[in-house]
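Below: the structure, in structure tokens.
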Amino acid sequence: MNLTVDRKTVLGLLLAFGIGVLCRAVSIPSPAPPVLIGALLVVAMTLGFIGSDAVLQNLG
């Protein structure tokens, strides 16, 4: 199993983490869903985007 991490993925995760930390530090509402089902929806959308990108790259 080859576990390579794309640079864009790492930068995206770091940016998301940074935004979360900044929102907490400045006491402004986080731009993320406050409930578990909303967070799972975001994860599902992200996985769908990544999966469809991989499939489309393999087709073309």
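Where a number appears in this text, it was derived from the coordinates with a stated rule and is not lab data. This is a predicted model, so every value here is computed, not measured.
Some observations on this one:
- Taking Cα atoms only, the orientation of helix 36-59 departs from the longest principal axis of the chain by about 30 degrees.
- Relative counts (whole %) of C-alpha pair distances in the chain, using bins that are 5 Å wide: 3, 14, 15, 24, 19, 11, 8, 4, 1, 0
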